[in-house]
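Asks: Could you have a look at this structure, given as structure tokens, before my questions?
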Amino acid sequence: MTTTLGVEEEYLLLDADGLPVPRATAVLETAGRSPRMRDAELQHELLEVQVEVATQVCSELAEVEQQLLSLRAALARSARAHDCRLAPIGAAPVEPDDQVVVTDKPRYRDMLRQAPALVEEQLINGMHVHVGIPDRPTGVRVLAGVRAWLPVVLVLSANSPFWRGRDSGFASFRAVHFARWPVEGPTPVFASAEDYEARADVLLATGSVRDRGQLYWHARLSEHVPTVEIRACDVQLDPESAVVLAGLLRGLAATALASSAPPPADQVPVEVLRAATWAAARYGLDGDLVDPLSGRARAAKDVVGLLLDHVGSALDEAGDRDRVEAHVAEVLAGGNGATRQRSALRENGVEGLLELVNL
């Protein structure tokens, strides 16, 4: 039976100069009035310069594609109606002139009081993939099976090179920015579902974490639906990249589900995964990555090949191998979103960059 999946994407709203603008409420209201969007998951995010979408539960990548195309198109039309553009990029290329407006919801107001500077600078957008699981004990096994490979997926998804009007030097500055929260990064190894719950409760008891929604591990158990939520990716410039990453992550989860025992990669220490994540965010496809099987540094393209080998059987079972491998080959040859953003700026200036990133 094919494992189900769903995708969440976060976008920025930019004006003609590339500045984030706080028009989420108006954009979401207009988009939500469209007949095809009335039952769609159109959501506020932490800041009023952001909007979020969520697909329904899908069984096939073609379903994910169709839904993301519809959601993006509806929001893009609505954004243009309110004199801004929808931008699927991992970090704002230009810093706002004014103080960023936090979405007027109790949870977000609490977060602003908890971490003012972090919230005000949270001009970053991710892509989250939910993979269906039968129960939480199985979910803990999936977390163990995917954790060591997520820096490799981050490399493919990196789409946030610019920050505060300049090149950050990182392929995914979003990943670096997010690491400033109290609980973030590689998922620990849990002995059982009970261990997961107990350690989550301990973290909440510290007072540094408001709720389980702030357990910002790269993969975690959802508290609302029976899924593992994988949060390692930048949002993608185009739907095809998002669809293929979703298929790749489903393949990772399905591989873990099919395994009767944790493979050696599951035992990579958290500190090594933190270093691997930093290297992935910094260099993208242009540097070395940590090979999860050996713990040694290897060329990024070689480690991506190991990932494809690791998930090959799961991709075959889902019928996704050809699509995933073809697109990954394109990314390896032509670069990820960070590469494309830098090329657009270098070749055509800010106008070229905005043309690339605005829908």
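Asks: If you average the alpha carbon positions of the stretch 320-348 and of the stretch 284-309, how far apart do those two centres end up, in angstrom?
Replies: So the separation of the two Cα centres works out to 17 Å.
Asks: Pull out a ≥ b ≥ c, the square roots of the eigenvalues of the alpha-carbon gyration tensor of the stretch 133-216, then state rounded if a/c is under 1.5, prolate if not and a/b is larger than b/c, and oblate in the remaining case. Show your work: numbers first, answer last.
Replies: Details: a/c = 3.46, a/b = 1.59, b/c = 2.17.
In terms of gyration-tensor shape, oblate.
Asks: Rounded to the nearest whole Å², what accessible area per residue is found for the chain with the 1.4 Å probe?
Replies: For the chain, the per-residue accessible area is 41 Å².
Asks: To the nearest 10 degrees, how steep is helix 136-146 against the longest Cα principal axis of the chain, on a 0 to 90 scale?
Replies: 90
Asks: What percent do you get for the relative contact order of the stretch 66-178 when only Cα pairs under 8 Å and 6+ apart count? List each step's numbers first, then the result.
Replies: Working: 88 pairs, mean separation 38.0, N = 113.
Result for the stretch 66-178 is 34 percent.
Asks: I'd like to compare 60-72, 110-122, 79-91: which one has the highest average count of other Cβ atoms within 10 Å, and what's the full order after that?
Replies: Numbers: 60-72: 18.6, 110-122: 16.1, 79-91: 22.5.
With the highest mean Cβ count within 10 Å placed first, the list reads 79-91, 60-72, 110-122.
Asks: Give the shape of the stretch 187-239 as rounded, prolate or oblate, defined through the alpha-carbon gyration tensor: a ≥ b ≥ c are the square roots of its eigenvalues, a/c under 1.5 means rounded, and otherwise the shape is prolate if a/b is larger than b/c and oblate if not.
Replies: prolate
Asks: For mean projected area of the Cα convex hull in nm², the choices are (i) 25.7; (ii) 17.9; (iii) 16.4; which was calculated from the structure?
Replies: (iii)
Asks: Here's a follow-up. With a 10 Å radius around each residue's Cβ, average the other Cβ atoms per peptide and rank 308-317, 95-104, highest first.
Replies: 308-317, 95-104
Asks: While we're looking at this one, here's another question. Kindly write out, for the stretch 326-333 in residue order, the coupling ³J(HN,Hα) from the Karplus curve 6.51 cos²θ - 1.76 cosθ + 1.60 (θ = phi - 60°), rounded to whole Hz, with x marking Gly and Pro.
Replies: Result, ordered by residue: 5, 6, 4, 4, 5, 5, 4, 7 Hz.
Asks: So what is the relative contact order for the stretch 1-104, in percent, with contacts set as C-alpha pairs under 8 Å and at least six apart?
Replies: Across the stretch 1-104, relative contact order equals 40 percent.
Asks: What percent do you get for the relative contact order of the stretch 132-266 when only Cα pairs under 8 Å and 6+ apart count?
Replies: 39
Asks: Going by amide H atoms built from the backbone, whose H comes under 5 Å of the H on T4, apart from near neighbours?
Replies: G132
Asks: Please pull out the direction-averaged projected area of the stretch 251-359, using the convex hull of its alpha-carbon atoms, in nm² to one decimal place.
Replies: Spelled out: convex hull of the Cα atoms, projected over all directions, averaged, 8.4 nm².
Asks: Once you put a point 7 Å from the Cα of E60 and another 7 Å from the Cα of E194, both along the Cβ direction, what distance in nm separates them?
Replies: 4.3
Asks: Now, a different point. Can you give me the % of accessible surface on the chain that is carbon or sulfur? Probe 1.4 Å, all protein chains present, nothing else counted.
Replies: 51
Asks: Give a residue-ordered list of calculated ³J(HN,Hα) values for the stretch 334-346 (Karplus: 6.51 cos²θ - 1.76 cosθ + 1.60, θ = phi - 60°; whole Hz; x for Gly, Pro).
Replies: Once θ is set to phi - 60°, the couplings for the stretch 334-346 become x, x, 7, x, 4, 4, 5, 5, 5, 5, 4, 5, 5 Hz.
Asks: Rounded to the nearest 500, what is the chain's calculated 222 nm mean residue ellipticity when only DSSP H runs of at least 4 contribute -39500 (n - 2.57) each, over all residues?
Replies: Values: 13 runs with 170 residues, N = 359.
Computed mean residue ellipticity for the chain: -15000 deg cm²/dmol.
Asks: Measure off 7 Å from each Cα along the Cα-to-Cβ vector at D316 and T2, then give the distance between these two points in nanometres to one decimal.
Replies: Going from the D316 label point to the T2 one covers 1.8 nm.
Asks: Also: Pull out the extension gain between T138 and K105, defined as 0.36 nm times the separation in residues minus the alpha carbon to alpha carbon distance; nm, one decimal. Write out the running numbers ahead of the final one.
Replies: Numbers: separation 33, 0.36 × 33 = 11.88 nm, distance 3.35 nm.
Once the chain is fully extended between T138 and K105, it gains 8.5 nm.
Asks: If you don't mind, there's one more thing I want to ask. Under 1.5 on a/c is rounded, so check that first for the stretch 89-235, then, if it is not, pick prolate when a/b is larger than b/c and oblate when it is not; a ≥ b ≥ c are the square roots of the alpha carbon gyration tensor eigenvalues.
Replies: Judged from the Cα gyration tensor, the stretch 89-235 comes out oblate (a/c at least 1.5, b/c at or above a/b).
Asks: Tell me the label-point distance for the pair R36, A258, using the 7 Å Cα-to-Cβ offset, in nm and rounded to one decimal.
Replies: The modelled label-to-label distance comes out at 3.5 nm.
Asks: Further question on the same structure: Distances longer than 18 Å among the Cα atoms of the stretch 287-333: what percent of all pairs is that?
Replies: On the way: 358 of 1081 pairs.
For the stretch 287-333, the fraction of Cα-Cα distances above 18 Å is 33 percent.
Asks: Let me ask something additional. Taking θ = phi - 60°, what integer Hz values does the Karplus form 6.51 cos²θ - 1.76 cosθ + 1.60 yield along the stretch 121-130, in sequence order, with x for Gly and Pro?
Replies: After applying 6.51 cos²θ - 1.76 cosθ + 1.60, I find 9, 7, 8, 9, 9, x, 10, 10, 10, 9 Hz.
The values are calculated or read from the model by the stated rules, or taken from the named source; none is laboratory data. Nothing here was measured: the structure is a model prediction, and the numbers come from that model. Cβ atoms come from the backbone with ideal geometry, glycine included; neighbour counts cover every protein chain shown. We work out accessible area using only protein heavy atoms, side chains counted, and drop any ligands, DNA or RNA first. Shrake-Rupley method; radii C 1.70, N 1.55, O 1.52, S 1.80 Å.
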